[in-house]
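Student: Pasting a structure here, questions to come.
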Amino acid sequence: MHTAQRIASLPPYLFAEIDRRISEKRAQGVDVISFGVGDPDQPTPRHIIDALHAGADDPATHRYPSYYGMPAFRVAIAGWYERRFGVTLDPGSQIQPCIGSKEGIAHLPTAFVDPGDVVYVPDPAYPVYEIGTLLAGGRVEFMPLTPANGFFPDFGRFDPVPGTKIVWLNYPTNPCASVATREQLQTAVDACRERGLLLAYDNAYSEMTFDGFVAPSVLECDGAFECAIEFHSLSKTYNMTGWRIGWACGATQAIEALGRVKTNIDSGIFDAVQRAGIAALDGPQEGLVELRAMYQRRRDLVVSTLRDVGIELDAPRGSVFVWVPVPAGHDSASFATLLLEEAGVVVPPGRGYGPSGEGFVRFSLTVSDDRLEEGLARIRKAL
Ligand code: PLP
């Protein structure tokens, strides 16, 4: 049996590797606390679960779903975009539901990248932008995100190599936890539109912002509908990571191309889950206020504890992460190993998110309050 060359070129998925190390430690009897994956610890709101139950009880949902998503779900997405961002979407041609945004993100390059084509990916970043590109036979150029550039690429100097097809951006960003303003996003839209490139914007954390910051949609920018596709997800906003539901929206041509790939590969999202998605988007949004307050409280606890042990860092204004510079004398892997060995705490080393992630580790805030406090107390002691 011979696997394909493209599999050989894939790194192991970062969190698959981290899960392996956690299991190893637990087998040794260590009480491991994971500040690893960004997976909300809070339950999905009741009214969304009720909609799933009612949907599952209806035999009409038991057959193949529509490839393009339920019309009512696309209408609910359009309504939410209008209320939240003031952006008008045509439910028929500008929205494509996905089996979690990860699925759409991974498949986008299949629609746009021929072997040898180039995709610009933030560095560090959510690994799937790079992996989707590699699976399509493309090549990645990194756009470093560092404290020096305020974690935002300088599009005034953007000089893409020949063969470039897609530029990825993600704010509030995983893993750097930085945010971007609409004015900053406009520089990216202008640069991509002028050059005929697709701007792929991942807005999975748009609702996870603090200190009053309100995250924009890239589709608010002038000219965005000519060049941009935005990915969105119910995972973090409504604590629905297990449900696998998200969507892409924006430029009609990009939505049509992604839809063409998806209709040939998958058969859509269980209709009962889409009905639950409608309940999430159309239902009460007060839970979000509490959720933000909870993450902000946890963020403050992480930031103040780390400052107390001598690590200098700013409090991030978005995402569910804190991007932490490692102390002098460490690299990201050695510091992550120290925290695991001395405190039984797992944090992903920043290097796992790209070369410019070296020198950082990422703390996730999706850990229950008591485990977060326990983990931080252990870190305080260890350092
Ligand atoms: N985008 C970013 C930046 C993420 O961090 C994640 C998940 O952690 C996703 C997309 C995928 O989310 P989902 O597939 O659950 O919608």
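The values are calculated or read from the model by the stated rules, or taken from the named source; none is laboratory data. Keep in mind that this is a model prediction, so the values were computed, not measured. For neighbour counting, all protein chains shown are included, and Cβ atoms are generated from backbone atoms with ideal geometry for every residue, glycine included.
Student: Among what's in the stretch 139-188 and is small (Gly, Ala, Ser) and over 18 Å from the mean Cα position of the chain (by Cα), pick the residue that is nearest to the ligand (Cβ to nearest atom).
Tutor: Looking at the filtered set, the residue picked out is 188.
Student: Restricting to the stretch 286-296, count the residues that are surrounded by fewer than 19 Cβ atoms within 10 Å (Cβ to Cβ) and touching a residue at least 40 places away in the same chain (Cβ under 8 Å).
Tutor: 4
Student: While we're here: State whether one or more residues within the stretch 230-239 are in a helix (DSSP H, G or I) and away from the ligand (no atom under 11 Å from the Cβ).
Tutor: no
Student: Also, I was wondering about something else. Name every residue in the stretch 190-229 that is of a type in the set (D, E, K, R), in a loop (DSSP other than H, G, I, E, B) and under 22 Å from residue 93 (Cβ atoms), in order of residue number.
Tutor: The answer is 222, and nothing else.
Student: Next question. Take the residues in the stretch 72-103 that are touching a Phe, Trp or Tyr at 6+ places or on another chain (Cβ under 6 Å) and part of a helix (DSSP H, G or I); name whichever of them is farthest from residue 285 (Cα to Cα).
Tutor: The selected residue is 101.
Student: Return only the number of the condition from (1) under 20 Å from the mean Cα position of the chain (by Cα); (2) under 30 Å from residue 148 (Cα atoms); (3) touching a residue at least 60 places away in the same chain (Cβ under 8 Å); (4) not in a helix (DSSP H, G or I) that residue 269 does not satisfy.
Tutor: Only one criterion in (1) under 20 Å from the mean Cα position of the chain (by Cα); (2) under 30 Å from residue 148 (Cα atoms); (3) touching a residue at least 60 places away in the same chain (Cβ under 8 Å); (4) not in a helix (DSSP H, G or I) is unmet by residue 269, namely (2).
Student: Could you say whether any residue in the stretch 59-70 is modelled with pLDDT of 90 or more, within 25 Å of the chain's Cα centre (by Cα) and part of a helix (DSSP H, G or I)?
Tutor: no
Student: Output the residues belonging to the stretch 234-251 that are out of contact with any Phe, Trp or Tyr (no Cβ under 8 Å at 6 or more places or on another chain), in contact (Cβ under 8 Å) with a residue 60 or more places away in the chain and among the hydroxyl-bearing types (Ser, Thr, Tyr).
Tutor: Scanning the stretch 234-251 gives 238, 241.
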